[in-house]
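Colleague: If you scroll down you'll find the structure; I have some questions about it.
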Amino acid sequence: MSKKFDASHISKITLSGVIITLGIVYGDLGTSPLYVMRSIVGMANQAIDTDFILGALSCIIWTLTLQTTVKYIIITLRADNKGEGGIFALYALIRKKHKWIFIPAIIGGAALLADGVITPSITVVSAIEGLDMVNPNLPVLLITLGIITLLFVIQQFGTSAIGKSFGPIMFVWFLMLGILGTSHIFDFPQVYKAFNPYYAIKLLSTYPGGFLLLGAVFLCTTGAEALYSDLGHCGFLNIRVSWIYVKISLILNYLGQGAWILNHPSALIDGINPFFSIMPQWFLLPGIIISTAAAIIASQALISGSYTIISEAISLNFWPRMKINYPTNIKGQMYISTVNWFLYIAVCFVILFFKESTNMVAAYGLAITITMLMTTTLMTFFLLRIRRPIPLIVVFFLVYLTIEGAFLIANLHKFLYGGWFTLLLAGILCFIMFTWYRGREIKKRFLLFIKISDYADVLKDLKNDETIPKYATNLVYLTRADHKTDVESKIMYSIINKQPKRADKYWFLHLHIVDEPKKMAYKVETIIPDVLMRVDFIIGFKVQPRLNLFFREVIEELVKNNEFNVTSNYDSLKKHNIPGDFRFVLIDRIQNYDFDFPAFDQFIMDFYNIIKKIGISDVKAFGLDTSNIVVEKVPMESDAMIEKFKNIYRINKLNPL
């Protein structure tokens, strides 16, 4: 029998959907006006004039257009995996045809996680720094650390209560951006010339060090990758429509900041943030409060996104299994304690080490350019997969390789001033992902599969042999065999040779992770009548593999359909209709140190075993009943290794030392 319970995604456009999208998708991208213009002006190495500001604004407008609107809103959002987005969802669409494609996927995922550490730091600090204009003596760092601490503490309880307010708050935030910007545009109407790309080209080509300004300009679009990752939460129609409102608000605010700067060039000598300077004095405190709320929402989006990335990495075998909690009934909301506190420590380090938002800018943006380049690479292969015209694919690849390559080169000057931090963090995360993936692949080489049919008679006789004590009423093994006719040799060895395990019924459970994100289905087949059953669970990479719950549902369905009698076969228990027991046996394959791997593989396996300690066991990951579990450790070996051992033994016997 088989059963499906697939989750469908909804992408209908509604007013409420658009407002919710504002709160989920645009936190990072929407808070960029807090620091972008200040960063650009801070990099100016000569007097600020009209051409400089027009060129900077033009760069921002066309970066938002080419990078966010064209690449992500128009093109990349179409690369949805059954409604889900993000770099790992994109990887899952193309991994079958390109085995090596996991490399750009883990590089991009690691860089996205690393850059996410900077976002809560720079957004909250930038917002709180506005208090300097109210009272310069306020402890900005302490206030920021207090907000960050509270934010990470409440994660374990879920954010459903405050999450309902995110959309309306961000709607007010973007409305505020647009109104504040518009109120100053007419102070210097020439800023509208910034829509002409001529000024951007002129700035980059003639201004001394103009090309390096791209490092600061790029900050206006850093949230575009997170936008793609949130596709599954909102649907592409809601994202596309809401982007119109968001982009208009952002551009109006940037133009207003530009106009204010041109009217007050001397004020920037003291490092004043033009974002807060365009606020009327009476509105300054409310504006800071709204800015702080938007910064918190942006931080929450990155924290939740980090949980999602790690959970997907676990399912795709890029990360060791970790305990995932679901603090609320809201779909998709999760909490990973280890990730939460790692992020908290990293964010606190960034705040205390860099201290000011202007210093954090140096660490911001470098890693995310790498993520965007990796997304461009994966998108190119996706476009090939769906058979788009080759000339268009080549144009897409070359255009965005050029744009993002330019941003990367411009950002490299940040390396010594803080960029090293995100690259170091991204490198560590990437190493963990690569090592875990390669370690799993190395272990797969030593899986030996045999035909179940060769042992059918043995299992039948074992079941009926009352001279062997009954090991369990139902004996359950997890198998990695993709074909129902096969099973690992170690499983059969465990049943027959390693303390013969007599049972009334044997079960082989197989977990198959598929590319469809939220697929949930199972199939039950009889392999040996009245002796051996196999259950295949087919689940998407976004679904948590709670095998204990899944298997219980299977048993209940079989009992309901009179396909399985769950009652114990012990006479005393059967008399009272007491269900039979289930015992799970897990095979844990460990390295046999009688044989050495090649040097690189040994290096990978050594670190694989270290990384394994930060995760949880399969018993906990699959939600199995620990009171009914037996874990058997067996050495990894192959026929070739056994033959090699035999040859060594023969040689030593003939030529004793």
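The values are calculated or read from the model by the stated rules, or taken from the named source; none is laboratory data. Computed from a predicted model, the values in this text were never measured in an experiment. With ideal geometry, Cβ positions are generated from the backbone for all residues, glycine too; neighbour counts draw on all protein chains shown. When the accessible area is computed, the model is the full protein with side chains, heavy atoms only, and any ligands, DNA or RNA have been set aside. Shrake-Rupley method; radii C 1.70, N 1.55, O 1.52, S 1.80 Å.
Colleague: Just the residues that are closer than 22 Å to Thr68 by Cβ and either surrounded by fewer than 11 Cβ atoms within 10 Å (Cβ to Cβ) or at pLDDT 90 or above (or both), please, taken from the range 384-403.
Modeller: Leu392, Ile393, Val395, Phe396, Phe397, Leu398, Val399, Tyr400, Leu401, Thr402, Ile403
Colleague: Still on this model: Just checking: which of the helices (runs of 4 or more DSSP H) contained wholly in the range 10-122 hold 1 or more residues that are open to solvent by 10 Å² or more (accessible area, probe 1.4 Å) and basic (Lys, Arg)?
Modeller: 36-42
Colleague: Output the residue which, of all residues in the range 199-252 that are among the β-branched types (Val, Ile, Thr) and more than 20 Å from Leu302 (Cα to Cα), is farthest from the chain's Cα centre (by Cα).
Modeller: By that ranking, first place goes to Thr206.
Colleague: Only one of Thr485, Thr467 is open to solvent by 30 Å² or more (accessible area, probe 1.4 Å), farther than 25 Å from Arg589 by Cβ and out of contact with any Asp or Glu (no Cβ under 6 Å at 6 or more places or on another chain). Can you tell me which?
Modeller: Thr467
Colleague: How about the range 132-159: which of its residues are outside any helix (DSSP H, G or I), touching a helix residue (DSSP H, G or I) at 6+ places or on another chain (Cβ under 8 Å) and either more than 19 Å from Thr119 (Cβ to Cβ) or of a type in the set (Lys, Arg) (or both)?
Modeller: Listed by number, the residues that qualify are Val134, Leu138.
Colleague: Looking at the structure I just gave you, is Lys613 among the basic types (Lys, Arg), loosely packed, with under 15 Cβ neighbours inside 10 Å, at pLDDT 75 or above and in a strand (DSSP E or B)?
Modeller: No.
Colleague: Here is a further query. Take Pro598 and tell me if it is open to solvent by 40 Å² or more (accessible area, probe 1.4 Å) and under 18 Å from Lys443 (Cβ atoms).
Modeller: yes
Colleague: Within the range 538-562, which residues are part of a loop (DSSP other than H, G, I, E, B) and touching a Lys or Arg at 6+ places or on another chain (Cβ under 7 Å)?
Modeller: Lys542, Val543
Colleague: Only one residue in Val566, Val476 is open to solvent by less than 50 Å² (accessible area, probe 1.4 Å) and touching a helix residue (DSSP H, G or I) at 6+ places or on another chain (Cβ under 6 Å). Which one?
Modeller: Val566
Colleague: Within the group Phe415, Phe382, Phe396, which residue is in a helix (DSSP H, G or I) and under 24 Å from the mean Cα position of the chain (by Cα)?
Modeller: When all the criteria are applied, what remains is Phe382.
Colleague: Moving on to the next point. Taking the conditions exactly as written (under 29 Å from Val350 (Cα atoms) and either crowded, with 16+ Cβ neighbours inside 10 Å or at pLDDT below 90 (or both)), does Ala410 satisfy them or not?
Modeller: Taking the combined requirement at face value, the residue satisfies it.
Colleague: Just wondering, is there one or more residues in the range 427-447 that are under 30 Å from Val566 (Cβ atoms), free of Cβ contacts under 8 Å to residues at least 24 places away in the same chain and not small (Gly, Ala, Ser)?
Modeller: no
Colleague: Here's something else I'd like to know. I'd like to verify a number: residues in the range 177-206 that are more than 16 Å from Phe52 (Cβ to Cβ), among the β-branched types (Val, Ile, Thr) and open to solvent by less than 40 Å² (accessible area, probe 1.4 Å), how many?
Modeller: Within the range 177-206, residues that are more than 16 Å from Phe52 (Cβ to Cβ), among the β-branched types (Val, Ile, Thr) and open to solvent by less than 40 Å² (accessible area, probe 1.4 Å) number 1.
Colleague: Out of curiosity, is Asp230 of a type in the set (Asp, Glu) and within 30 Å of Phe283 (Cβ to Cβ)?
Modeller: When the stated conditions are applied, Asp230 does not pass them.
Colleague: Still on this structure, I have one more. Looking only at the range 516-537, decide whether some residue is within 28 Å of the chain's Cα centre (by Cα), of a type in the set (Asp, Glu) and open to solvent by 30 Å² or more (accessible area, probe 1.4 Å).
Modeller: yes
Colleague: Restricting the first residue to the range 456-479 and requiring it to be within 23 Å of Val554 (Cα to Cα), which pairs with a second residue that is among the polar types (S, T, N, Q) and part of a loop (DSSP other than H, G, I, E, B) meet a Cβ separation below 7 Å and a spacing of at least six or different chains?
Modeller: Listed pairs, sorted by first residue: Thr473/Ser568; Thr473/Asn569.
Colleague: If you don't mind, there's one more thing I want to ask. Given the structure, is Val134 surrounded by fewer than 19 Cβ atoms within 10 Å (Cβ to Cβ), β-branched (Val, Ile, Thr), out of contact with any Ser or Thr (no Cβ under 7 Å at 6 or more places or on another chain) and more than 23 Å from Phe421 (Cβ to Cβ)?
Modeller: Considered against the rule, which asks whether it is surrounded by fewer than 19 Cβ atoms within 10 Å (Cβ to Cβ), β-branched (Val, Ile, Thr), out of contact with any Ser or Thr (no Cβ under 7 Å at 6 or more places or on another chain) and more than 23 Å from Phe421 (Cβ to Cβ), Val134 comes out as yes.
Colleague: Among the residues of the range 207-266 satisfying the criterion of being open to solvent by 20 Å² or more (accessible area, probe 1.4 Å) and hydroxyl-bearing (Ser, Thr, Tyr), which is nearest to Leu373 (Cα to Cα)?
Modeller: Ser229
Colleague: Quick check on the range 508-523. Is at least one of its residues among the charged types (D, E, K, R) and without any contact (Cβ under 8 Å) to a residue 12 or more places away in the chain?
Modeller: Within the range 508-523 (the criterion being among the charged types (D, E, K, R) and without any contact (Cβ under 8 Å) to a residue 12 or more places away in the chain), the answer is no, since none of the residues qualifies.
Colleague: Quick one: how many residues across the range 525-547 are closer than 28 Å to Arg95 by Cβ and of a type outside the set (Gly, Ala, Ser)?
Modeller: 14
Colleague: Could you tell me whether Asp581 is open to solvent by less than 30 Å² (accessible area, probe 1.4 Å) and either in contact with a Ser or Thr (Cβ under 8 Å, 6 or more places away or on another chain) or within 30 Å of Ile94 (Cβ to Cβ) (or both)?
Modeller: Taking the combined requirement at face value, the residue does not satisfy it.
Colleague: Further question on the same structure: Is the range 573-591 home to any residue that is part of a helix (DSSP H, G or I) and more than 30 Å from Leu429 (Cβ to Cβ)?
Modeller: Yes: the range 573-591 contains one or more residues that are part of a helix (DSSP H, G or I) and more than 30 Å from Leu429 (Cβ to Cβ).
Colleague: If the requirement is being open to solvent by 30 Å² or more (accessible area, probe 1.4 Å), of a type in the set (Phe, Trp, Tyr) and free of Cβ contacts under 8 Å to residues at least 60 places away in the same chain, which of these qualifies: Tyr307, Tyr344, Tyr417?
Modeller: Testing whether each residue is open to solvent by 30 Å² or more (accessible area, probe 1.4 Å), of a type in the set (Phe, Trp, Tyr) and free of Cβ contacts under 8 Å to residues at least 60 places away in the same chain leaves just Tyr417.
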